[in-house]
Amino acid sequence: MDISLNLGAWNAVFAVPACLVDQHLKLAGAVQIKALLWILRHAGEPLSLDDLAAALGLPVADVKDALQYWIETGLLRGQEAGLAPSLSCTPEPVPEPQSPSPEESAEPPAETDPPSSPPAEAPPPPARRPRPSSTFVAQRMTQSHEISFLMQEAQQILGRTISPALSSILLSIHDDDGLPVDVIIMLLAYVKSIGKDNSNYIESVAKNWAAEEIFTHEQAEEKLRQLSETAQMWRNVENALGISHRSPSAREEQYVRRWMAEWGFRQDMIREAYDRCVNSTGRMNFNYMNRILERWHQSGISTPQQAAWEQNEKAAARAQETAAQPTYDLEAYETMDFREDWDLPETQPKKA
């Protein structure tokens, strides 16, 4: 009788570096760990982002964000064409900026007669601020309970594991743009409610809030109230004009808020302006409609009846002006009976 060990699943094993458990098990997310395990399982094979995304059932962009964590920690090295899993449990050292030598830092001697120099060119635009690395984000989370709470709440609000790129953006919003944690959480809830919770939109809204100096809970509440009002106004305009539901542009939001919040026009007046715009131009044009509504606002016209009365008055004035203009109809001139018009006596024939 032949006897052998039943290894079962142990017949196919692969090595996992100890630093994955010792250093990264607490910091890395589920997607990051899955991605690394799949790469370790297929070590030595030609790998690509598409293969990894298909195996994990995730978009390529999410997979790329997950791998960025391991690349930044030095455990993986990535290539554009594919993946080259070069493993190392010692993160690659980051070169520190070197201070200039005394010779380099010393000021050059002043020249008595400086040579003529061409006019100075305009300074280049400021470089984009570098985002914090995943390692730095992890350190901040261990050092600050507030930052750790922000990352946990972000995952709860967005309903997904936040990527290293998004966690870097959130930390930058807090540290560099100056938005407090409670304001960032309110911002995340807002973008989630409107279905625009991608990283780029979150960063864009945060920069707008920072530019408007929305740094307190009360200011954020007021901003959200204005955004909610604008969204409701846009829905009213959609219903009035019969256009399909879509997100308005920033310019369209300005128009709608001006028409309804500042000038106080109702949906029927916006519809009236739309009809006149289409009759004149053949298409919807918000700039053209704005000119119509601005004229009505300045003239105190606030109802469709007043707008119709004004239109009739203008039409009557134009008709009267046209009737008063002289005509130059040559046929009428040739057939005109001057004796009748001028009341001249008829010329009597002389008697013989």
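A few points about this structure:
- Approximate shape of region 197-256 as ellipsoid semi-axes (Cα gyration tensor, √5λ), whole Å, largest first: 25, 14, 9
- In range of the label at Gln23: residues from region 44-69 whose backbone nitrogen is under 16 Å from the point 7 Å along Cα→Cβ: 68-69
- Potential lengthening between Ser244 and Thr142 on full extension [0.36 nm per residue; Cα-Cα distance subtracted]: 31.9 nm
- A protection proxy built from the mean count of other Cβ atoms within 10 Å ranks the segments 131-141, 167-177, 301-311, most packed first, as 167-177, 131-141, 301-311.
- Taking the accessible area of region 148-226, probe 1.4 Å, and keeping the other protein chains in place, the carbon and sulfur fraction comes to 47%.
- Cβ-based net charge around Cys277, under 11 Å, with every Lys or Arg adding one and every Asp or Glu removing one: +2
- Label point distance in nm, Ser48-Arg291, each placed 7 Å from Cα along Cα→Cβ: 5.4 nm
The values are calculated or read from the model by the stated rules, or taken from the named source; none is laboratory data. Please read all numbers here as calculations on a predicted model, not as lab measurements. Glycine gets a Cβ as well: all are built from the backbone with ideal geometry, and neighbour counts include every protein chain shown. Side chains are part of the model used for accessible areas, which takes the heavy atoms of the whole protein and leaves out ligands, DNA and RNA. Shrake-Rupley method; radii C 1.70, N 1.55, O 1.52, S 1.80 Å.
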